[in-house]
Amino acid sequence: MTAGKNEAGVGASLNWRDEFHDSALETLFRRTMQIQDSEQLRRALWIVAGIFLLLIVADYLLLGAGAEFLALAAIRFGVALCCLALARFIGHHPAHAHWPLPLNLVYLAASTGLLLTILLYPGSIGLHVSSIVMASLAIYLLVPNRLTWILTWSGYLAFGFVLVAALWKPLSPGMLASSILMLGFANLMGWLTYSRLNRLQRRQFALLVDEREANRKLQQEIEERQLLEAQLRHMASTDPLTGIANRRHFFEQAEREFHRAQREGTPLTICMVDIDLFKTLNDHHGHAVGDLVLTTVASCCASVLRETDLIGRYGGEEFVIALPQADLETATFIAERLRHKVTSLRLPMLDESQRLSVTVGISQVEPDEAKLESALQRADDALYAGKSQGRNCVIVADEADPSLAARA
Ligand SMILES: Nc1nc2c(ncn2[C@@H]2O[C@H](COP(=O)(O)OP(=O)(O)OP(=O)(O)O)[C@@H](O)[C@H]2O)c(=O)[nH]1
């Protein structure tokens with residue numbers, strides 16, 4: 001169901017048959033009501049069959065076991081059988097509840113049977129008029145969603161009655177006129193009741209469709225908003241060039257790790273990573289190549305880390321890494337692995353003499369340290385020490401043991 005069609009909503013207009021003007025909505029309505037309609041029809045057929053069978057008993061009481069009774073019983077039994085067969089068929093195939101042929105044939109049999117009884121029955125004409133009136137009302141009330149069929153059937157019944165009454169059971173003009181009036185009134189009441197029920201049912205359905213459409217749109221809007229929020233969050237926390245965390249987001253996460261490490265007494269190390277002679281590379285090959293180098297080195301750094309490690313762009317060509325649960329020895333090992341990986345990088349626009357390299361400064365958060373910045377400062381100092389020692393190396397801050405301050 002498209003949104004445009006649903007705009008019909010509460011005001012979804014109905015035609016003279018009390019069906020939706022919008023054929024798609026009408027089809028949806030019928031499909032939705034299929035089970036209910038077939039159930040209703042089945043029940044109607046059972047009721048009609050039951051009435052016809054009961055009438056056999058009434059006929060017997062009135063006529064005795066004569067030839068007229070047998071003829072009547074055969075007609076009534078035949079009609080009841082047709083109804084039961086159709087009810088069973090619809091029970092197995094609910095989708096066929098609106099098949100015109102079997103339904104119209106059964107109706108034709110039932111109403112013809114009813115008309116024939118007028119000929120065979122010696123009862124008063126008042127009884128026949130009442131039975132035709134009851135049958136007409138039953139059609140309006142029991143047959144779901146088929147006004148054209150209902151009108152045809154009621155017309156057949158009324159016309160048949162007048163014909164039978166005129167040809168075989170001549171009535172006085174007064175009796176004929178009042179019978180026709182009774183039938184007309186029954187049909188009018190039936191039609192009005194049918195129309196009222198039908199309109200109510202369809203309006204409720206249109207409301208439901210509207211509500212569902214509104215809910216669907218709302219859900220779609222919520223999902224779009226959530227997606228947008230996620231995009232905004234991602235944009236606010238990510239460096240647009242390299243795709244790793246930006247400085248702000250890195251520090252948010254690193255602060256959490258800092259407090260956890262201090263609380264739990266576990267190690268936390270910081271690595272400052274700086275691309276060597278990046279300015280020269282930028283000046284020689286231009287900013288676009290510089291950007292590509294930054295992106296490549298950033299993903300190279302990220303690839304040597306565990307999921308729990310943090311990496312962010314500190315600024316320019318400098319990256320910062322936080323390694324929870326890692327002491328200086330482990331951090332040095334990781335930094336060396338990173339340094340080696342960067343030196344082995346090959347970019348098509350750079351020749352062999354222009355190998356990429358990084359210098360890394362490492363520091364460990366001290367147990368009694370109140371701020372993360374102190375450890376960062378020490379890592380930065382170690383980095384600049386590495387730069388002044390000739391670059392492409394890993395330097396550990398305040399390291400007394402020179403074996404850990406590895407140099408390439
Ligand atoms: N392409 C590009 N260049 C950047 C970006 N941010 C900073 N830079 C450049 O990075 C260079 C940093 O150079 P310096 O800090 O002098 O250091 P260096 O040339 O790498 O030398 P050392 O660090 O001493 O090895 C400058 O030329 C900046 O313009 C960026 O986002 N893209």
Give me the residue from the range 35-72 that is touching a Cys at 6+ places or on another chain (Cβ under 8 Å) and touching a residue at least 40 places away in the same chain (Cβ under 8 Å) and, out of that set, nearest to ALA135 (Cα to Cα).
VAL48
Provide a single number: the residues in the range 337-353 that are modelled with pLDDT under 90 and exposed (fewer than 14 other Cβ atoms within 10 Å of the Cβ).
6
Looking at the structure I just gave you, is HIS98 touching an Asp or Glu at 6+ places or on another chain (Cβ under 8 Å) and either surrounded by fewer than 17 Cβ atoms within 10 Å (Cβ to Cβ) or of a type outside the set (Phe, Trp, Tyr) (or both)?
yes
Check the range 262-274 and report whether any residue there is crowded, with 17+ Cβ neighbours inside 10 Å, in a helix (DSSP H, G or I) and touching a strand residue (DSSP E or B) at 6+ places or on another chain (Cβ under 7 Å).
no
Filter the range 231-254 down to the residues that are assigned to a helix (DSSP H, G or I) and of a type in the set (S, T, N, Q) and list them by number.
GLN231, SER237, GLN253
Which pairs have Cβ atoms under 8 Å, sit 6 or more apart or on different chains, and link a residue in the range 283-298 that is within 12 Å of LEU345 (Cα to Cα) and in contact (Cβ under 8 Å) with a residue 60 or more places away in the chain to one that is of a type in the set (Phe, Trp, Tyr) and near the ligand (Cβ under 8 Å from one of its atoms)?
VAL293/PHE278
Can you find even one residue in the range 175-186 that is within 49 Å of the chain's Cα centre (by Cα) and either part of a helix (DSSP H, G or I) or not acidic (Asp, Glu) (or both)?
yes
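Does the range 171-187 contain any residue that is in contact with a His (Cβ under 9 Å, 6 or more places away or on another chain) and surrounded by 12 or more Cβ atoms within 10 Å (Cβ to Cβ)?
Yes, because at least one residue in the range 171-187 is in contact with a His (Cβ under 9 Å, 6 or more places away or on another chain) and surrounded by 12 or more Cβ atoms within 10 Å (Cβ to Cβ).
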Output for Cβ contacts, cut-off 7 Å, separation at least six or different chains, first residue more than 22 Å from ALA135 (Cα to Cα) in the range 73-95, second of a type in the set (A, V, I, L, M, F, W, C) and in a helix (DSSP H, G or I), reads PRO94/ILE35
Quick one: how many residues across the range 20-40 are modelled with pLDDT of 85 or more and of a type outside the set (S, T, N, Q)?
9
Given the criteria at pLDDT 95 or above and either of a type in the set (A, V, I, L, M) or more than 23 Å from ALA370 (Cα to Cα) (or both), does VAL304 qualify?
no
Residues that are of a type in the set (Asp, Glu) and farther than 30 Å from TYR140 by Cα: does the range 198-210 have at least one?
no
Restricting to the range 356-395, count the residues that are more than 16 Å from the ligand (Cβ to nearest atom) and either of a type in the set (S, T, N, Q) or not assigned by TED's automatic domain parsing to the domain that holds THR295 (or both).
4
Residues in the range 309-332: is at least one assigned to a helix (DSSP H, G or I) and closer than 20 Å to GLU252 by Cα?
no
Go through the range 272-297 and give me each residue that's more than 6 Å from the ligand (Cβ to nearest atom) and within 46 Å of the chain's Cα centre (by Cα).
ALA288, LEU292, VAL293, THR295, THR296, VAL297
Here's a check for you: in the range 345-355, which residue that is farther than 12 Å from HIS285 by Cβ and in contact (Cβ under 8 Å) with a residue 12 or more places away in the chain is nearest to the ligand (Cβ to nearest atom)?
ARG355
Out of (1) under 30 Å from GLN377 (Cβ atoms); (2) surrounded by 13 or more Cβ atoms within 10 Å (Cβ to Cβ); (3) assigned by TED's automatic domain parsing to the domain that holds LEU383, what's the single condition that is false for HIS285?
(1)
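The values are calculated or read from the model by the stated rules, or taken from the named source; none is laboratory data. Given the structure is predicted, the values throughout are model-derived calculations rather than measurements. So basically every Cβ, Gly included, is an ideal-geometry build from the backbone, and we count neighbours across all protein chains shown.
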